[in-house]
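Colleague: Below is one structure. I have some questions about it.
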Amino acid sequence: MFTVAHFGKRVVQSLYLFCGISRSWRGFSTNSDGFRRVEENLNVGGKSWDFGLGLDDQPVFPSGRRFFEQAKCDAGRALEVLFRDGPMFDAKEGLDNMQLRISEVLVREVLFRILTDISDANKTRNARLGYLFFRWCSQQENYSHTVYAYHLMMRIFAECNELKAMWKLVDEMIERGCPTTARTFNIVICTSSRAGLARKAVERFIRSKNFYFRPFKHCFNAILCSLLTVNQYTLIEWVYQQMIDEGHRPDILTYNVLMSAKYRLGKFDDFHGLLEEMASNGLSPDFHTYNIILHVLGRSDKPEAAYNLLNHMKEIGIEPTVLHLTTLIDGLSRAGNLDACKYFFGEMKRYGCMPDVVCYTVIITGVIVAGDMGSAEELYKEMINNGQVPNVYTYNAIIRGLCMARRFKDAFHILEEMEIRGCSPNFLVYNTLVRCLRNAGKLSEAHKVIRIMVEKGKYAHLISKLHRHRRR
């Protein structure tokens, strides 16, 4: 670990000299969502730089294929009864007569299907039916709702814009002794943000004595990390000030989140000031700190400074990883410096790491945006030859590039290849293809893609958006 003096000399001063993280960034335009593109790809690639926010409370289910099959079958039957609810039929009485075996799997299946069925036309109905089933289950013997079940019900209320009902569910969780976790906070803050109540939600969690914030030292870091994932950058600054006012000392995690927020807000002087503040507090940059700095250097088109920083990392015993190089390449591609992207991509072996699917996807996307479809196809072939399996983001980039080149037959071929390889196209892939076909005046082909979506029974709640776009 660095001493304060060593850190100041080798990091802060060196960043002044060769990184230019200061007033040279003042006019730098983010015009973006920061790390979002690389973040999405990194999550798909099995990596994450979310500072330990992977706190989704997945339930633990009994083993046995027959148990799962029976639970799914019972879920289908329960939904049939629920959707019959009305003046002439009491769904609660119907559920009583079914003699269901209540389990976490059953509850998950029913609530999840109600959640995915929500549309603008049925929000009120689905919120009511979801809560009817949720409440009915809680009244059965030998069953008690888990945190996971509460979170699913909260998501249903959130999607249906039932903010008061969602908050009542949080209160109920606390009363029943269920921990309110970072996942709880994420659901609440996302919904409250849409209603303009984000700050009120944060204040409530800060005051809460039941907020379960492990592995964080205190609730402030848990809240800061959650706010970063939902792009509440200004609110991050406010929470940080509350944290200081209450006497909590920031740690490296706090600074990493704050630097990310400052960067995204375009406050580059503040960004550099945080590096100096870290040094004065005796804190050393960690894996994520360097990742953030490398991305900022890439976005500000400073490849030489990034090169020096990578070498500096090696000198102090922090080996650059594929994540660091990928983050840098993503930043440089956003800055339009394709030559630097290719250089650092080629240098990965020298740093002792090999490009993975995420890295390939980032550089493929970059060269496609730059209009170099030939290089993108070469990289795509190289990626497959090196044993890297394309993910949905890789395919979307290739399909988009082929459509930009008006090679629609090849785009359809990639779509077929995607499914053959077991990678299910997401809405983004279909939407890219439909949009490009329409822009090229190929309406019949665009309608064909929409028919494929309908036949597969996917994204029913999103297909209407494509039709609305068509009418415009």
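The values are calculated or read from the model by the stated rules, or taken from the named source; none is laboratory data. Everything numeric in this text was worked out from a predicted model, so none of it was measured. All Cβ positions, glycine included, derive from the backbone under ideal geometry; neighbour counts span all protein chains shown. The protein model used for the area step is the full one, side chains on, heavy atoms only, and it has no ligands, DNA or RNA in it. Shrake-Rupley method; radii C 1.70, N 1.55, O 1.52, S 1.80 Å.
Colleague: To the nearest 10 square angstrom, what accessible area does residue 230 show with a 1.4 Å probe?
Modeller: 30
Colleague: Based on the Cα atoms of the stretch 78-234, what semi-axes does the equivalent ellipsoid have, where each is the square root of 5 times one gyration tensor eigenvalue, given in whole Å with the largest first? Could you put the intermediate results ahead of the total?
Modeller: Numbers: eigenvalues 188, 64, 26 Å².
Whole-Å semi-axes of the equivalent ellipsoid: 31, 18, 11.
Colleague: If r is the Cβ-Cβ distance from residue 245 to residue 280 and R0 is 25 Å, what FRET efficiency results, to the nearest 0.05?
Modeller: That gives a FRET efficiency of 0.85.
Colleague: Okay, next question. Under a cut-off of 17 Å between alpha-carbon atoms, report the aspartates and glutamates in cross-link reach of residue 342, not counting same-chain residues fewer than 8 places apart.
Modeller: Partners within reach: 301, 304, 330, 356, 372, 377, 378, 382.
Colleague: Keeping every protein chain in place, order 428, 163 by accessible area at 1.4 Å, biggest value first, i.e. largest first. Don't skip to the end; give the middle numbers.
Modeller: Numbers: 428 80, 163 35 Å².
Descending order: 428, 163.
Colleague: Would you work out the relative contact order for the stretch 191-347, in percent, from Cα pairs under 8 angstrom that are 6 or more residues apart?
Modeller: On the way: 128 pairs, mean separation 23.1, N = 157.
Across the stretch 191-347, relative contact order equals 15 percent.
Colleague: So how far, in whole Å, is the C-alpha centre of the stretch 266-286 from the one of the stretch 427-457?
Modeller: 47
Colleague: Taking a probe of 1.4 Å, how large is the accessible area per residue of the stretch 135-282, in Å²? Walk me through the numbers before you get to the answer.
Modeller: Values: 6350 Å² over 148 residues.
Value returned for the stretch 135-282: 43 Å² of accessible area per residue.
Colleague: So how exposed is residue 93, as accessible area in Å² (1.4 Å probe, rounded to 10)?
Modeller: The value for residue 93 is about 110 Å².
Colleague: Counting pairs of Cα atoms in the stretch 76-139, how many percent are more than 19 Å apart?
Modeller: 23
Colleague: Could you work out how much longer the chain between residue 217 and residue 405 gets when fully extended? Use 0.36 nm per residue separation minus the Cα distance between them, nm to one decimal. List each step's numbers first, then the result.
Modeller: Values: separation 188, 0.36 × 188 = 67.68 nm, distance 5.15 nm.
Going from the current span to full extension adds 62.5 nm.
Colleague: Set the Förster distance to 41 Å, then compute FRET efficiency between residue 316 and residue 195 from the Cβ-Cβ distance, nearest 0.05. Working shown, then result.
Modeller: Working: r = 46 Å, r/R0 = 1.13.
The value I calculate is 0.30.
Colleague: For the stretch 97-249, what number of Lys pairs, 8 or more residues apart or on separate chains, have alpha-carbon atoms under 23 Å from each other?
Modeller: Here the count comes out as 9.
Colleague: Would you mind calculating the relative contact order of the stretch 102-221 from Cα pairs under 8 angstrom and at least 6 residues apart, reporting the percent as a whole number?
Modeller: Values: 104 pairs, mean separation 25.4, N = 120.
Dividing the mean separation by the residue count of the stretch 102-221 yields 21 percent.
Colleague: Okay, next question. Largest first, what is the accessible-area ranking of 454, 449 with a 1.4 Å probe?
Modeller: 454, 449
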